[in-house]
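Chemist: The structure is given below, and queries will be raised subsequently.
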Amino acid sequence: MHSSIAHTEPMPWQPTFVPPLDIAREQARRVLDEANALDTSLASELAVYGTFGALQESLRQVLAALDAEDGRHA
């Protein structure tokens, strides 16, 4: 029996929220500014991982907004 997470099936769920491009850009800039301000020598691992996750989500939203403007369905 496989019990590690590497042997589980990925979830078929995909995020469906696509903000307007101007809002996605503004959010991404804010998150990037916060990430740049994070002192990684003093920050906890949780703060670093949280910042990385926020950056990933911001990038996903910007790319989804760009795709929506181009008429793509990614």
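The values are calculated or read from the model by the stated rules, or taken from the named source; none is laboratory data. Just so we're clear, the structure is a prediction, and the values are computed from it rather than from any experiment. Here Cβ is always computed from backbone atoms with ideal geometry, including for glycine, and neighbour counts include all displayed protein chains. Only protein heavy atoms, including side chains, enter the accessible area calculation; ligands, DNA and RNA are left aside. Shrake-Rupley method; radii C 1.70, N 1.55, O 1.52, S 1.80 Å.
Chemist: If you go through the stretch 13-56 one residue at a time, how many are closer than 27 Å to residue 68 by Cβ, assigned to a loop (DSSP other than H, G, I, E, B), open to solvent by 60 Å² or more (accessible area, probe 1.4 Å) and out of contact with any helix residue (DSSP H, G or I) (no Cβ under 6 Å at 6 or more places or on another chain)?
Modeler: Qualifying residue count for the region: 5.
Chemist: Limited to the stretch 46-66, what total is found for residues that are hydroxyl-bearing (Ser, Thr, Tyr) and under 13 Å from residue 17 (Cα atoms)? Break it down into steps so the answer makes sense when it comes.
Modeler: Restricting attention to the stretch 46-66, the residues satisfying the condition of being hydroxyl-bearing (Ser, Thr, Tyr) are 49, 51, 58.
With under 13 Å from residue 17 (Cα atoms) added as a condition, the list becomes 58.
Number of matching residues: 1.
Chemist: Would you point out the residue of the stretch 57-74, among those that are part of a loop (DSSP other than H, G, I, E, B) and among the small types (Gly, Ala, Ser), that is surrounded by the most Cβ atoms within 10 Å (Cβ to Cβ)? Steps first, please.
Modeler: We begin by selecting, within the stretch 57-74, every residue part of a loop (DSSP other than H, G, I, E, B); these are 71-74.
From what's left, among the small types (Gly, Ala, Ser): 71, 74.
Details: 71: 6, 74: 11.
Top of the filtered list is 74.
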